[in-house]
1. Looking at (1) open to solvent by 20 Å² or more (accessible area, probe 1.4 Å); (2) closer than 30 Å to Y349 by Cα; (3) not in a loop (DSSP other than H, G, I, E, B), find the lone condition where P220 falls short.
2. Can you say whether G405 is open to solvent by less than 10 Å² (accessible area, probe 1.4 Å), in contact with a strand residue (DSSP E or B) (Cβ under 6 Å, 6 or more places away or on another chain), of a type outside the set (A, V, I, L, M) and over 24 Å from N304 (Cα atoms), as far as the supplied structure shows?
3. Go through (1) in a helix (DSSP H, G or I); (2) buried (at least 24 other Cβ atoms within 10 Å of the Cβ) one by one and return the number of the condition R306 breaks.
4. Considering only residues of region 408-419 that are surrounded by 24 or more Cβ atoms within 10 Å (Cβ to Cβ) and in contact with a Gly (Cβ under 8 Å, 6 or more places away or on another chain), which is nearest to V193 (Cα to Cα)?
5. Give the residue, chosen from G95, G143, that is out of contact with any Ser or Thr (no Cβ under 8 Å at 6 or more places or on another chain) and more than 18 Å from Y512 (Cα to Cα).
6. Restricting to region 203-216, and then to whatever is assigned to a loop (DSSP other than H, G, I, E, B) and in contact with a helix residue (DSSP H, G or I) (Cβ under 7 Å, 6 or more places away or on another chain), can you tell me which residue is least open to solvent (accessible area, probe 1.4 Å)?
7. Which residues, taken from region 92-137, are acidic (D, E) and either surrounded by fewer than 21 Cβ atoms within 10 Å (Cβ to Cβ) or free of Cβ contacts under 8 Å to residues at least 12 places away in the same chain (or both)?
Amino acid sequence: MKTLALPLCSLALALAAPCASAQTATPAASIAPEKLAALKTDAIAGVDKRAKLVQEMVDSIFSFGELAMQEVESSKYITAILEKNGFTVTRGVAGMPTAWTAVWTNGQGGPTIAVGSDIDGIPKANQKPGVARREPLVPGAPGHGEGHNSGQAVNVAAALAVKDLMLREKIPGTLKLWPGVAEEPVAAKAFFVRDGMFSDVDVVLFTHVGSNLQTAWGQPQGTGGISVLYTFTGESAHSAGNPWRGRSALDAVELMDAGWNFRREHLRPEQRSHYVIKDGGDFPNVVPSTATVWYYFREQTFDNIRKNYQIGSKIADAAAMMTDTTVASRIIGTAAPQHMNRPMAEAAYENIKQVGLPAWTPEEQAFAKQVQKLVAGDEDGLDTEIKPLTPPDKEPKSGGSDDIGDVSWTRPTITVRFPSNIPNLPGHNWSNAITMATPIAHKGAVAGAKVMAMTMVDLLTRPELVAAAKSYFTDVQTKDTKYQPVLTNEAPYIEMNADIMEKFRPEMKKYYYDPKKYKTYLDQLGLSWPPAVGSQ
């Protein structure tokens, strides 16, 4: 397979034919520039009008703090808002109880724009917002230690603002909102792709929390990967009385882990791989008859991802042979290496420049520096300058994964990041939850919603932009590199985290945000904002 080709390409592609997979028509002519500018001004006003809704959604979903595949309250809450506003909701998408789509169509024709963002939390990341110290509301419980509580607020506010404009101006098109459930274990979006969620879609806009207002095109820093469980089965026995009669599944897990750790030296330095032992037995006095280890195999190309997965599976088979056990594997999910659409990113970046970063107060800056100091990060405070839109690196650095990558190989896709968090934090950590139900998160989400709304207006009213996006997808992105799905007939891992949420949800419910009684979640918790620096 050839590497991703990234020649210079811009909106000069606008006259190229759309890709053959498109299912919908687009308007016949572009809107006049002055009219487009006026519509975007109105879109910004529509988002500002919904700033209170943004705050309530950010705070409510933060308070739910749900883990992958168990986003019950979050999904119920979001879909209720969308149904109230005229969207048709389909639940249980792709066999996942917390997955859904919410669709609204105006007129005949026009593009179908899919708009998504993640909603799941992080284990053991429960944290009181707005305090620069470790203080969970429910010790040991999950929480939004990445900030996935904020993206749906961005998308819903933007979609409702654009819906008003579509009705007023008789702009044809379809808005299709959807949730990134179970993103942390990359356990959903490849299933969405496999089961046809995007078969009727022209373009995809995705949002993700960040510390700046930005987008990108081409292959970004990071990896794709495969998430897989290996379960070994042996035979139990008395560990002291008759150990020779047992066949230890835990021994097999430990041998697999040792084998993989020795193999790492002989893999490309770009790879990232990690594992946790999910089941290591019951009592030391009983030879473990079952044991399970969960692996992530990450790399930067489809071929290298598959190669490392095959190596890992071979080592698992060898460990089973050495211990006279058997092994079965289960793919939990996949994340393709991302590739984002250049024409769409360029259009979104023009809107980013117009919106700009929020005006942070001196107190907010001081608080951000205090949080950075708390976790030994560079004390730079909140970002105050928009980062430029630059070409992708010829050799992107390795790093994390996101299963939006699978979507990006299905339809033209971009991610818009919005500044609801603090730079220089560890990521996937309780400290990343500290700002996520504060005015910092609210301001950042409003800024992101404005960019999203303006970009939706571009896609709805500029057929040449949709055509250019499809041409880039066909003639650049997928010209030499094709999507290589891994899933076949696997079922989604819907039982994931059920035991954890069953344990913690009763106590977490005591802290659910009630916007009818309290202006903000900080008010409900009796916390002042901004906190006095040094009082933490």
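The values are calculated or read from the model by the stated rules, or taken from the named source; none is laboratory data. Predicted model, so just to flag it, every value in this text is computed and none were measured. We place every Cβ from the backbone using ideal geometry, glycine too, and count neighbours over all the protein chains shown. Areas reflect the complete protein model, heavy atoms only, side chains present, ligands, DNA and RNA absent. Shrake-Rupley method; radii C 1.70, N 1.55, O 1.52, S 1.80 Å.
1. (3)
2. Against the criterion (open to solvent by less than 10 Å² (accessible area, probe 1.4 Å), in contact with a strand residue (DSSP E or B) (Cβ under 6 Å, 6 or more places away or on another chain), of a type outside the set (A, V, I, L, M) and over 24 Å from N304 (Cα atoms)), G405 does not qualify.
3. Result: R306 passes all but (2).
4. The qualifying residue nearest to V193 (Cα to Cα) is V416.
5. G95
6. So the residue we want is L213.
7. E135
A quick yes/no check of all residues on (1) modelled with pLDDT of 95 or more; (2) out of contact with any Lys or Arg (no Cβ under 6 Å at 6 or more places or on another chain); (3) crowded, with 17+ Cβ neighbours inside 10 Å:
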site: N341; (1), (2), (3): yes, yes, yes
site: A348; (1), (2), (3): yes, yes, yes
site: N351; (1), (2), (3): yes, yes, yes
site: V355; (1), (2), (3): yes, no, yes
site: W360; (1), (2), (3): yes, yes, yes
site: F367; (1), (2), (3): yes, yes, yes
site: K373; (1), (2), (3): yes, yes, no
site: A376; (1), (2), (3): yes, yes, no
